[in-house]
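Heads up: the structure comes next, in structure tokens.
Taken together, the values in this text are just the output of simple stated rules run on the coordinates, not laboratory data. From a predicted model like this one, the values you see are computed outputs, not experimental measurements. Quick reminder, even Gly has a Cβ in these numbers, built from the backbone with ideal geometry, and neighbours come from all protein chains shown.
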Amino acid sequence: MTHAVALPRHGLFEAWREAARRAIGHRIPPEEIDWTGGEGLFAADPLPDSPGPHRAHVPAAFLQLARSVIWHSAPERTALLYRALWRIDRQEGDPLSQADPLGRRLNLMARAVGRDIHKMHAFVRFRELPGAGRRRFAAWFEPEHDTLEPGSRFFARRFADMDWTIATPRLTARFQDGRLSFHPGGPRPDLPEDASETLWATYFANIFNPGRIKLEAMRAEMPKKYWKNLPETRLIPDMLKDAEARVERMRQAAATPPRPGAAAVSTRYRAAMPQAADLPQTLAEARQAALLCRRCALCEAATQTVWGEGAPEAGLMIVGEQPGDREDLEGRPFVGPAGQLLRGAMAEAGVDPARVWLTNAVKHFKFVPRGKRRLHQTPGREEIQHCRWWLGLELAFVRPRMVLALGASAAFALTGNAAPLAPRRGGMETGLHGGPVLLSWHPAHVLRLTDPAARQAVLRELTADLARARQAAES
Amino acid sequence: MARATLQDKLAILSDAAKYDASCASSGGERRDSRKGGLGSSGGSGICHAYAPDGRCISLLKILMTNFCIFDCAYCVNRVSSNVERARFSVEEVVTLVLEFYRRNYIEGLFLSSGIIRSPDQTMADMVRIARTLRQDHGFNGYIHLKTIPDASPDLIREAGLWADRLSINVELPQDASLRQLAPEKRPETIRSAMAQVRLEGEAAQDESHAGKRPPRFAPAGQSTQMIVGADGADDMAILQSATRLYTGYRLKRVYYSAFSPIPDASAALPLVRPPLLREHRLYQADWLLRFYGFSAEEIATGTKAGHLDLEIDPKLAWALQHRGLFPLEVNRAPREMLLRVPGFGTRTVDRIVEARRSRSLRYEDLARMGAAMKTARPFVALPGWSPGALTDSAGLRARFAPPPEQLRLL
């Protein structure tokens, strides 16, 4: 050792950085510096006063790591940091990497400091001090590392409207009238009793579920070394002693007779819940019943029934396949991408959405989850048949003069004919309800076409069919 | 009975709230009190204490009241239960939150409630508590509001204005069990409310329209809870249900809560020891869904009769069924495959991908990078290690599963 460096307790990082800059400037190797201040047997010189000729450059990640490691309680932290600096300067491997022994050690130290700061934010317990004016609080805390200084900003931001003091053995942080200052530490101060602590203990004891004991999980996150300053931990032994017996009592008590009067409350509430009419007499009743539909399994996965909307006495009914992702979430038909395309084509064809009835052959969204999305699945024949009940009610109550079927599923639902759509598109068929059905493309089919020319052609056909359906409905 | 003190009420209404597993206070917007008010939030949450049940205590988790007109068989507060009842006033909740907060006991409030009079009235009272905290007291801490099923969309919208997180419990993984055990709850309205929360949340992030920022809406998103072990649903049904909830409503979390005995139980449900290990395996599988690129169907390949293996974790169970993909060349394998190695967590994988850019990794490096090599060993190959026949050995599963318990003499 030829050089010794003594560092202050407060403002440690800047002091270390300044010393390290001078040392590396003179290219003083790590083994020639005693960072503990030269308390060894041999006399040592201070670092040279002047900045050295060499200027070291370090990645930002090193400074970030050093800012954290510096608060570690291990005396060798400053020497290890200088060793890392030396190796970065010399380009000897990557002392910041987890795969490097020194890097691993520094990262572990930084993590320990980070955890200690986090635990301080969690485990400081304030007690209120008496007095008038601004409310004052104080706490005693024993961190494992020198974390009060880096950890205090959090409290300043959180508790800006009160004065507070956090005392630790080595340092005291004081926040007064919006100013944070640091003072020497000391022994544990005597803090007055605080009535809220009793309420806190009540909460702690009652939020605990005696049916599930997981002591290891508790100790891993709330290590015993912090317990002496956590008032609620004093209750733990009694809570545990009683837990088994409490659970046993619950088991023994088993089922009790219901509270008197409960049945009447339940009956009243259930009677007021929406009911599905077996044979709806109006379009509104049909909608109400459809919202509770469980005719097939699609309702289990979908959000809600998407009922038709528009004019209840419309001359034209437009029937799509089934609600998509967006329709399922909003509970309205044709509001997703395909719906927007359809609404555009309707505007083009002079079809006023307020004067038609818009609906789907199947009222629930069928999908498979894939990654973060829900992918549309074509409804099966059975699902379409189950849902035909609702489509039939819509047809019966709206009594449209003309129905436009969009896509093969709607065509099948309305006509009972499952033959391919392409050759039938643009044709007029007789629906199962006895009225005319014009067959067209589903707007989603337009969206799926990648060739712009084909897409335009199909969109023109859809628009033409819309116009034709409108004319037929008006005549 | 004498008038209940605040302490009595707190005892009753925190006892009644403990069956909600969630206590998260993470995410949401960054706020602090330097420009007025009290409190801060944002970033990772803080657990201020832990109870001996291993659960974190981050928020003051209470019910506004445990009076309830619903009769959910699994719930201690159902109308037919004989538990002691209490109700907080708005001021009492506000005082408790602020005084606990000032002493650094909590990050904020988790408010749920039994349903009194009607869902709308209950929700309106809860919203009033949140509004009072925010508006009258400048409270910047975290607020989690439980959404009452069947509450009106307008009330949910206002709740999102004050709360950081909203949640509504699906309670049970299958609609049929919910209809049976909670006759007043309706799965379709629960899902509609979740859909609304998702859409409102997305609309609140959308600044594009008039250039004006829309009002905030539950910046920490929404979550839900499923009770495990109260109905006959198997683990795959639970995970498929969770997948639908994540993809459909962009939930931040699905919580799984092992059904535990409640005082004054209903005859409809068994009073058995809560299946804590099953709950743990479900959380592991949930992590695989959210962070490891697994689908529920893939996890299913490692299950037995629809249930996750209780002896080994779901990733290991999957890997043992797909040994043909292993051993994996750690220095060359894509990130998606590294994530599938048992014993490698997401952080380990990030470190591996980062470190192997500059040099070839050796076996000794992996343990230093946080990998659990005892588990990972049979599934990886890299300089310094080759598992040889270990990957395909018949006894591989037995190396991980706990030894069978010895029978005792009668």
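Working note: Cα atoms of chain B, range along each principal axis, descending, whole Å: 72, 66, 39. With contributions of -39500 (n - 2.57) from each DSSP H run of at least four residues, the per-residue ellipticity at 222 nm computed over chain A stands at -13500 deg cm²/dmol.
With a ≥ b ≥ c taken as the square roots of the eigenvalues of the C-alpha gyration tensor of region B:215-300, please select rounded if a/c is under 1.5 and otherwise prolate if a/b is larger than b/c or oblate if it is not? It comes out oblate by the Cα gyration axes. Structural descriptor for region A:283-474: relative contact order 24 percent, calculated from alpha carbon pairs under 8 angstrom and at least 6 residues apart. Converting the Cα gyration tensor eigenvalues of region A:21-93 into ellipsoid dimensions via √(5λ) gives semi-axes, longest first, of 20, 17, 10 Å. One chain, two ends: residue A:270 and residue A:475. Fully extended at 0.36 nm per residue, the span grows by 69.0 nm beyond their Cα-Cα distance. Computed from Cα atoms alone, the Kirkwood hydrodynamic radius reported for region A:198-246 is 11.5 Å. Inter-chain neighbour count for A:407-415: the average number of beta-carbon atoms from partner chains within 10 Å of each residue's beta-carbon is 0. So how tilted is helix A:12-25 from the main axis of chain A? Cα-based, degrees 0 to 90, rounded to 10. So the helix axis and the longest Cα principal axis differ by about 70 degrees. At q = 0.14 Å⁻¹, what base-10 log of I(q)/I(0) does the Debye formula yield for region B:238-361 when every alpha carbon is treated as an equal point scatterer in vacuo? For the requested q values the scattering log ratios are -0.71. Per-residue shielding of B:52-65, expressed as the average number of other chain Cβ atoms within 10 Å of the residue Cβ, stands at 5.
Based on the alpha carbons, how large is the Rg to Rh ratio for region A:124-184 when Rh follows Kirkwood? So for region A:124-184, dividing Rg by the Kirkwood Rh gives 0.94.
Of the residues B:321, A:189, A:237, the one whose Cα sits farthest towards the positive end of the charge dipole of the protein assembly as shown is B:321 (charges of +1 on Lys and Arg Cβ, -1 on Asp and Glu Cβ, taken about the Cα centre). Among the chymotrypsin sites (Phe, Trp or Tyr not before Pro) in region A:151-230, none is located in a DSSP loop while being surrounded by at most 11 other Cβ atoms within 10 Å of its own Cβ. For chain A, the longest principal axis of the C-alpha atoms and the axis of helix A:60-69 are separated by about 60°.
Comparing B:387, B:274, B:187 in a Gaussian network model of chain B, where Cα atoms under 10 Å apart are tied by springs, the biggest mean-square fluctuation is seen for B:387. Packing, taken as the mean count of other beta carbons within 10 Å per residue, orders the peptides B:57-64, A:95-102 from highest to lowest as B:57-64, A:95-102. Give me the Kirkwood hydrodynamic radius of region B:300-355, using the inverse of the mean 1/r over all pairs of distinct Cα atoms, in Å to one decimal. Taking every pair of different Cα atoms in region B:300-355, averaging 1/r and inverting gives 12.1 Å. Taking 24 Å as the straight-line reach from the Cα of residue A:366, the lysines in range (excluding those fewer than 8 positions away in the same chain) are B:185, B:252. Summing +1 for each Lys or Arg and -1 for each Asp or Glu among the other residues whose beta-carbon sits under 15 angstrom from that of residue A:434 gives +1. Annotation: average projected area of region A:295-390 is 6.4 square nanometres, based on the convex hull of Cα atoms across all directions. Of the three principal axes defined by the Cα atoms of region A:334-397, the extents in descending order read 38, 31, 14 Å. Along chain A, the exposed loop sites are GluC sites (Glu not before Pro) outside DSSP states H, G, I, E and B with at most 14 other Cβ atoms within 10 Å, and the longest stretch free of them is A:314-475. For residue A:372, a cut-off of 18 angstrom between C-alpha atoms picks up these aspartates and glutamates, skipping any fewer than 8 places away in its own chain: A:325, A:327, A:328, B:202, B:286, B:297, B:298, B:336.
Semi-axes of the equivalent ellipsoid of region B:1-155 are 25, 18, 16 Å, computed as sqrt(5λ) over the eigenvalues of the C-alpha gyration tensor in descending order. Per residue of B:186-198, other chain Cβ atoms within 10 Å of the residue Cβ number 4 on average. Under the combined filter of DSSP loop state and at most 13 neighbouring Cβ atoms within 10 Å, region A:370-475 retains these trypsin sites (Lys or Arg not before Pro): A:372. Take every pair of alpha-carbon atoms less than 8 Å apart whose residues are at least six positions apart; their mean separation over the length of chain B yields a relative contact order of 11 percent. Sorting the Cα pairs of region A:283-474 by distance into bins of 5 Å, from 0 upward, gives 1, 8, 18, 22, 22, 16, 8, 3, 1, 0 percent per bin. Here is the size of region B:20-76 from its Cα atoms: Rg then Dmax, 15.6, 48 Å.
For chain A, the dipole from Cβ point charges (+1 on Lys and Arg, -1 on Asp and Glu) about the Cα centre works out to 640 debye, to the nearest 20.
For region A:414-475, the equivalent ellipsoid derived from the Cα gyration tensor has semi-axes of 23, 15, 8 Å, listed largest first.
State the answer as a single residue: which of B:109, A:296, A:262 lies farthest towards the positive end of the charge dipole of the protein assembly as shown, with beta carbon charges of +1 for Lys and Arg and -1 for Asp and Glu, about the Cα centre. Farthest along the dipole direction, towards plus: B:109. Compared with the dominant Cα axis of chain A, that is its longest principal axis, helix A:196-207 is turned about 50°. Taking every DSSP beta bridge that has both ends in region A:283-474, the antiparallel portion is near 40%.
Solvent-free Debye calculation, one equal scatterer per alpha-carbon of region B:88-128: log10 I(q)/I(0) at 0.24, 0.29 Å⁻¹ equals -0.82, -1.00.
With respect to the cross-link table entries B:146/B:212; A:119/A:224; A:214/B:18, which display a Cα-Cα separation exceeding 18 Å? The pairs that break the limit, which is 18 Å between Cα atoms, are B:146/B:212. Rounded to the nearest 20 debye, the dipole size of chain B about its Cα centre is 1200 debye, using +1 on the Cβ of Lys and Arg and -1 on the Cβ of Asp and Glu. With helices as the sole contributors, chain B gives -10500 deg cm²/dmol at 222 nm; each DSSP H run of n ≥ 4 counts as -39500 (n - 2.57), and the sum is divided by every residue.
Among B:296, B:376, B:51, the largest mean-square fluctuation in a Gaussian network model of chain B, built with springs joining Cα atoms closer than 10 Å, belongs to B:51.
In this Cβ point-charge picture (+1 for Lys and Arg, -1 for Asp and Glu), region A:10-98 has a dipole of about 360 debye about its Cα centre.
When chain B is modelled as a GNM with alpha-carbon springs shorter than 10 Å, which of B:79, B:353, B:254 fluctuates the most? Maximum among the listed residues: B:353. Across chain A, the volume of the C-alpha convex hull divided among the residues equals 316 Å³ per residue. Based on the convex hull around the alpha carbon atoms, the protein assembly as shown presents an average projected area of 48.4 nm².
Contact order, relative form, for region B:32-191: 24 percent (alpha carbon pairs under 8 Å, 6 or more residues apart, mean separation divided by residue count).
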